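In what follows, a single structure is set out as structure tokens and then discussed.
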There are 2 protein chains.
Amino acid sequence: MVALVSISDERKRPKLMTVTHKLRASRRMQQVQAPIIPTIEDLIRANPGTISLGQGVVHYGPPQTVHEAISRFWDDPLSHLYGPVEGIDPLREALVEKLALENGIAAQGRAVVVTAGSNMGFLNVLLAISDPGDEFILPGPFYFNQEMAVRIAGCVPVAVPTDVDGQLDLKALESAITPRTRAMVTVSPNNPTGVVYPQADLRAVNRLCLEQGIYHISDEAYEYFLYDGVQHFSPGAITDSAQHTICLYSLSKAYGFASWRIGYASVPESLMGALRKIQDTNVICATVIAQYAAIGALQSGRDYCTPYVAELAAVRAQALDAVESITDKVRLLPGEGAFYLFVEVPGYDDGDLRLATRLIKEHGVAVIPGSAFGVTDRCTLRVSFGALQSASAIDGIGRLMSGLNALA
Amino acid sequence: MVALVSISDERKRPKLMTVTHKLRASRRMQQVQAPIIPTIEDLIRANPGTISLGQGVVHYGPPQTVHEAISRFWDDPLSHLYGPVEGIDPLREALVEKLALENGIAAQGRAVVVTAGSNMGFLNVLLAISDPGDEFILPGPFYFNQEMAVRIAGCVPVAVPTDVDGQLDLKALESAITPRTRAMVTVSPNNPTGVVYPQADLRAVNRLCLEQGIYHISDEAYEYFLYDGVQHFSPGAITDSAQHTICLYSLSKAYGFASWRIGYASVPESLMGALRKIQDTNVICATVIAQYAAIGALQSGRDYCTPYVAELAAVRAQALDAVESITDKVRLLPGEGAFYLFVEVPGYDDGDLRLATRLIKEHGVAVIPGSAFGVTDRCTLRVSFGALQSASAIDGIGRLMSGLNALA
């Protein structure tokens, strides 16, 4: 046993007190909300037979082209070594092509980074552009992992409520900008509300960010999930957006690809130095077999999910009808995208987690309380109809409506 | 186009100046070193025929049991959904068993988290226990991604030089502790030096951390790579270490598994709340097919890499002989683990990156400059002999020695 140097009395005194006091999670983590999904999953497991309209996943798996792409992985002897931090070349090339063709995003002045899911894309981008204490403007309700990422980065989430229909309040967004603001975030189609922002509003946000010298982070994970003929718009398609616009995408939803953890970001070229540092330190590279699988998924392309979106549209139509029947009890935000309904329950005062718990225990249906998305001034619920095949989803919505209708 | 609210003159004035000024990476990222591996890889590509003793990888791929485990992945219809943030149960159970049997780490008071590689384990742990401005003590030379992670977390790396043989300087480590210190890091077997710390020193560090109420982060990625009969010791095996000891492991090296991105951490149970938040926000879960593959790798177990380690031992013995022949030019740190040699080149004053560049261009062999590991007071190089089959590795070491011998 090596002798330790003696330490001064001043240091020694608080020792025993600090031992138990200091061994704890950091203050920044104490401010981060606990992930809501595992909480709801625990309740679901404790109440067998519950239909889950909780987690934001689709019910289908990846296309056959994924199998074929993976066989190419096995054939390459270098496959098991680390890949490039920004992603393997053939995947990045396919993504650049997709971004140009589908999103109208030109490669000039931009780069594509493959991340282990779009959550990581958001976190890595945040770390790349922020110092502790910087502010990020999130329209509320926000996607909970984005608010969590802001706090984990040591930064300040500034939630700006959307209007009564879940649309952006451009005046309020502009007023929220301070010298510490580093970026404004938009998620369209929106998680948790399903609301799609009009092109004009996304252009206005992008312009405002350019004028103010802040980044516009555009989360487009649900770009393919649109109803009633609505079209997706990528702010990265705007002229002069290359320098300040960050677009985030995910394969998890469109390709039934959640467990594979592949997302990607289109970022200003000037951020690549910082992003390479973070990718290298965080994940080195996204799992390479999953990157091969992603190439296979992209070969199937958007067409793969089109019939599933049509199915979801039918479920959504039935859900909207069901809500119509109890408009005295609930109000629905008018969303046209993603696979979420955002339900306000004005008459319920016992808290949304309590309502969600009651719905599981008494009515066998799980949804996510709106407080996870920052809604604390009223009782709201996010209803996901993507995770189940149509019949089960419709059953679940039936249970939800009778549960809500049964409220005093 | 939606009209924007007018903004005050005070805000308007600096607008055009700030646009170009503010759109840049954060200050914290500017302080993070650029990853060295891609720099060296670029040089290697520009000089075909170069033998790489650069990146820390092994030359072999994963065991056959990985194939079998993956077929079980395809068979499970739930495989494509998100997995639990802390890892899938069968993998975590296998890891708990491995930690108990091989490392002497009891499950009591601890939890296991599966991460997408051990780099992510380090970063997530850091974020879990630190606030911006907190300090982390890293014995130097340090593993570059750990120093980068500390800066990315908004914290301060405090490098404490090891002694002339690369061993811990316990007095200096203790003196480096301040009220802002959150943890002390040890990497044994060490990257970049290959030095293995004696059990007594690891016990002394662990005791010191307990007394001071700080965490001991023990990186054991190279636990199986030992020579000359040296044994590995896990600080997690120490009595009363559960509350403050974090042990990090990787499958990347032992199982030829780098591209699969699976690592794991044994952490105090009290940190699990914070870690779940970060895992959820960063990666949600490690790629699930890679977790299945990891189960397959663990079924082969340590025996899988034993013959490879024997091969590496033979390469290492030849390398040590080669160094013997030019001891007037270079000095080798006496390492007994990992697959690194850490070479000091006392006579070279032009900088280690310049030397590394010359070695690639003039002698066709790539190594990593020591400055990446924080060594700036002398010229040093890290030589990795794990990435190549024996014959090529020995060729590379031959080139290196003649290159160093040719120095004036």
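The values are calculated or read from the model by the stated rules, or taken from the named source; none is laboratory data. If you're wondering where the values come from, they're calculated on a predicted model, not measured in any experiment. Cβ placement follows ideal geometry from the backbone for every residue including glycine, while neighbour counts extend to all protein chains displayed.
Residues checked against (1) β-branched (Val, Ile, Thr); (2) on the phi > 0 side of the Ramachandran plot; (3) in contact with a Lys or Arg (Cβ under 8 Å, 6 or more places away or on another chain):
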residue	(1), (2), (3)
A:Leu81	no, no, no
A:Gly87	no, yes, no
A:Glu97	no, no, no
A:Ala100	no, no, no
A:Ile105	yes, no, no
A:Ser130	no, no, yes
A:Tyr143	no, no, no
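Answer with yes or no whether B:Arg203 is touching a strand residue (DSSP E or B) at 6+ places or on another chain (Cβ under 8 Å) and of a type in the set (D, E, K, R).
no
Residues in region B:84-136 that are within 16 Å of B:Met272 (Cα to Cα) and either at the interface with chain A (Cβ under 8 Å from one of its Cβ atoms) or modelled with pLDDT under 95 (or both): how many?
8
From the list A:Ser266, A:Ser252, pick out the single residue that is away from chain B (no Cβ under 11 Å) and either outside any helix (DSSP H, G or I) or within 18 Å of A:Leu99 (Cβ to Cβ) (or both).
The unique qualifying residue is A:Ser266.
Tally time: how many residues in region B:330-355 are without any contact (Cβ under 8 Å) to a residue 40 or more places away in the chain, in a loop (DSSP other than H, G, I, E, B) and either closer than 16 Å to B:Gln55 by Cα or in contact with a Cys (Cβ under 6 Å, 6 or more places away or on another chain) (or both)?
Qualifying residue count, region B:330-355: 0.
Of the residues A:Ser392, A:Ser371, which single one is modelled with pLDDT under 95, within 26 Å of the chain's Cα centre (by Cα) and in a helix (DSSP H, G or I)?
A:Ser392
Within region B:203-220, track down each residue that is surrounded by fewer than 22 Cβ atoms within 10 Å (Cβ to Cβ) and hydrophobic (A, V, I, L, M, F, W, C).
B:Ala204, B:Leu208, B:Leu210
Restricting attention to region A:160-207, which residues are away from every other protein chain (no Cβ under 11 Å), over 16 Å from A:Cys247 (Cβ atoms) and hydroxyl-bearing (Ser, Thr, Tyr)?
Listed by number, the residues that qualify are A:Thr162, A:Thr193.
Looking at B:Ile70, B:Ile37, which one is under 25 Å from B:Arg302 (Cβ atoms), part of a helix (DSSP H, G or I), among the β-branched types (Val, Ile, Thr) and modelled with pLDDT under 95?
Sole residue among the options that is under 25 Å from B:Arg302 (Cβ atoms), part of a helix (DSSP H, G or I), among the β-branched types (Val, Ile, Thr) and modelled with pLDDT under 95: B:Ile70.
Within the bounds of region B:198-218, is there any residue that is in contact (Cβ under 8 Å) with a residue 60 or more places away in the chain, of a type outside the set (Gly, Ala, Ser) and outside any loop (DSSP other than H, G, I, E, B)?
Yes, the conditions are met somewhere in region B:198-218.
Please find, among B:Val114, B:Val66, B:Val57, B:Val96, the residue that is under 22 Å from the mean Cα position of the chain (by Cα), buried (at least 16 other Cβ atoms within 10 Å of the Cβ) and closer than 28 Å to A:Ser250 by Cβ.
B:Val114
Look through A:Ser6, A:Ser79 and report the one residue that is modelled with pLDDT of 85 or more and small (Gly, Ala, Ser).
The conditions single out A:Ser79.
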